[in-house]
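Written below as structure tokens is the structure these notes are about.
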Amino acid sequence: MTSIDALDARIILALDDDPDATILALSRALGIARNTVHARLRHLAEDGALRPFSQRLDLRALGYELVAFMSLWVSQTDPGILAGLLGVPEVISAHYTTGDADILAQAVARNTRDLHRITKAILAVDGVVRTSTAISLDEVIPYRPRALLRVAADSWRPAAAGRPGSGTGPLPVQ
């Protein structure tokens, strides 16, 4: 995956401020060449640094009011566990973890009855041995890459003469 440098961070922050901004508007706002903005956004998208637009969606708009975190204990020898979890659309993310459980899954549901249905679907996945669920009461700190982008963008130094808009390379280790 591409390392995001200070100029990339500035471009992403500008898009965060105005998601409908054109490449031309971004280049003018940031004082860099239009082709630089276009090339950097294309590279970030192709390399997977920019996630799909659907990941910005507030799932409450689809009727999923409940968020649950499910610890899953699984049989380590069953290769179909991930495919089985992908078959449950309400599982919106999952991570292998250390500690007692093997996988931490985040799921959404319309209500507790729906969560019960989803839990049964997860338990029906071959290799899932048991689950433990914690229901989120309220999200107190949402996913917030903007704070880290600001740190990266603050390292911006204008390009050297003869290299308009090139900015700096990856952030130095301090």
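Read-outs throughout are calculated quantities, based only on the coordinates presented, and are distinct from any laboratory measurement. Please read all numbers here as calculations on a predicted model, not as lab measurements. Here the Cβ is made from the backbone with ideal geometry for all residues, glycine too, and neighbour counts use every protein chain on show.
General remarks:
- Stokes-Einstein, applied to the Kirkwood radius of the stretch 1-122 over Cα pairs at a viscosity of 1.567 mPa s and 4 °C, places its translational diffusion at 74 µm² s⁻¹.
- Sorting 37, 151, 125 from the fewest to the most surrounding beta carbons within 10 angstrom yields 151, 125, 37.
- For the stretch 34-100, the set of GluC sites (Glu not before Pro) satisfying both a DSSP loop assignment and a count of at most 12 other C-beta atoms within 10 Å is given as 65.
- In this Cβ point-charge picture (+1 for Lys and Arg, -1 for Asp and Glu), the chain has a dipole of about 460 debye about its Cα centre.
- Relative to the longest principal axis of the Cα atoms of the chain, helix 34-46 runs at roughly 20 degrees.
- Candidates 89, 101, 73 compared by Cα position along the dipole of the chain: farthest toward the positive end lies 89, with charges placed on Cβ.
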